[in-house]
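Each value in this text was obtained by applying a stated rule to the coordinates, not by laboratory testing. Please read these numbers as outputs of a predicted model, since none were measured by experiment. Using ideal geometry, Cβ is built from the backbone for each residue, glycine included, and neighbour counts are taken over all protein chains shown.
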Ligand SMILES: Cc1cc2nc3c(=O)[nH]c(=O)nc-3n(C[C@H](O)[C@H](O)[C@H](O)COP(=O)(O)OP(=O)(O)OC[C@H]3O[C@@H](n4cnc5c(N)ncnc54)[C@H](O)[C@@H]3O)c2cc1C
């Protein structure tokens, strides 16, 4: 299925068509996989620490075979190839340039230019892809006025190239700033407000209020995710069941308000909830898409595509892929565990 045709198709609540299974039943990707977290004592803090401590010792050349599943590569050409491959497989894409937060104005400006070049390239290649950016990489921690200016420039460039810019959500110290900046950029560019969106994290206790505030401002182009940062309990739900309940609650709030939602998860329970909610509300594919990280749970991704649900894949690329991977491992031992699990032959 071409990613451009998925808009008009009615999604399926039930499994994909028989013909799909006839064609794919021997596909190893569809073999039942146990959860990526295997039996390596993965919930033991000492194990997580050991894995994280070991990762920097692994030379980049050895990390690459593991990382390439999750990262497109270092260059624009690598990104181009990954996006073309995913588009051909029926998936839309969103491209992120790897890197950490900008520490100078010059770094922030350079990152904005790189995103503009990426958007121009995506448009020229006619890829079904947009961009997703951390505002800290555009200088949010250096100079808020500059960050807003660069973010606005990206939205303008998105309008020129018929693309879309997603402002990602970062740790809780920045939640208000990111939402305020999103609303300010939208208000200053009403004609381009369909060109920009935000992310809401289901683990944050404040998120329902934030969603209502954003929807009241008439702005509703969300990505909904669980949230990746370590947050204290007074700010974030720590119980996984509560995070999931809040996810569904927020999703319903967004969809009922008429917002467009990128449902970003690999948690099949949440996918089930979302598909049923979409069906119950009688929504078409113009109201939502599923979003998944490159290389993560491809069988689930394939099933969603086969059931005519729009799916967008997160494609990170850039020179800093190695440093970025190591920092991600440090911040979130869970990812290091996934990588090591892959190395040891898990999912
Ligand atoms: C498209 C997309 C964009 C995101 N953007 C943001 C953002 O802007 N801000 C933010 O705070 N968080 C973001 N996240 C991360 C998100 O908040 C979660 O931390 C992450 O997706 C894991 O949650 P889950 O819903 O997949 O469920 P989980 O229960 O954590 O994961 C379900 C299963 O998916 C697999 N899995 C999940 N993540 C990975 C991974 N990284 N590598 C390998 N396997 C994995 C595992 O098999 C796991 O058992 C994003 C996630 C996605 C998919």
Alpha-carbon spread of the range 163-241, three principal axes, descending order, Å: 41, 23, 22
Residues listed by number, the range 173-191, amide nitrogen under 12 Å from residue 213 label point at 7 Å toward C-beta: 174-184
Order of 111, 103 - criterion: other Cβ atoms within 10 Å of each residue's Cβ, fewest first: 103, 111
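Which percent of the Cα-Cα distances in the range 76-317 go past 32 Å?
Working: 4490 of 29161 pairs.
Cα-Cα pairs of the range 76-317 separated by over 32 Å account for 15 percent.
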Span from the the range 176-251 Cα centroid across to the the range 60-87 one, whole angstrom: 29 Å
Label-point separation, residue 88 to residue 194 (7 Å along Cα→Cβ), nm: 3.1 nm
For the range 108-173: span of alpha carbons on each principal axis (Å, largest first): 37, 20, 16
Approximate spin-label separation residue 103-residue 124, in nm, with each point projected 7 Å along Cα-to-Cβ: 3.3 nm
